[in-house]
Each structure stands twice: as structure tokens, then as C-alpha cells.
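S.K.: The structure that follows is given in the form of C-alpha cells.
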Amino acid sequence: MTKSPEELKKFIECDIIGSINKNLELGNITDTDASRLKRYTLMLRDYLCEHIEADGLEVLKGMMDHSFMTDVDIICEKYEEAQQKLEESQQ
């Protein structure tokens, strides 16, 4: 757990984004994956910082078990379901 919002921002921007960049360089993830991961990470950073500014760091303790599902995730899930149904109907 970080001690301040600034430490959290630094952790997210340096460690997490840095790890994404390193894995992109190593070829472990695609450009698309890296872009998506960076976008989600920055969304998470903004969300957390907004709540920290309003409620202090204690708010993070209640968020640790929650996950984020964005509109893109929902669209991708629906697309995959539709693709699977189409493949099944073609067989």
C-alpha cells in the first residue's frame, strides 16, 4: 500500500506502464495489447486518484477485491459470443 497519492501515481506510471513497455519490447504482448493495457492502467490511475482525493487512502482498502469491466471489455465479450454462435451455425 502506498503512503500518498503521489506514490500511487508514480507506481502506476513508472512500474506498471514501464512493465507494459518492457513486455512490448520483448515481444510478449502486441502493440494493440500494450495500448489497451496502458489505457486501462491510466483509467485505473485516474479513478483511484479521484477517490483518494475525495476520501483519502483508506478508500483503497475497500476496493482491493473489485474488478473493472469497461465498455470495450463488454463489446469484446459480445463479439466473441457472436463469433462462436456464427461458427456453430456454420457447422
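Bear in mind that the values in this text are calculations on the coordinates, not laboratory data. Computed from a predicted model, the values in this text were never measured in an experiment. Positions of Cβ are backbone-derived with ideal geometry, glycine not excepted, and every protein chain shown enters the neighbour counts.
S.K.: Sorting check: for 18-29, 36-47, 75-86, which peptide has the highest mean count of neighbouring beta carbons within 10 Å, and how do the rest follow?
M.R.: Final packing ranking: 36-47, 18-29, 75-86.
S.K.: Using label points projected 7 Å from each Cα along Cα→Cβ, tell me how many nm separate LEU44 and ASP31, to one decimal.
M.R.: 2.5
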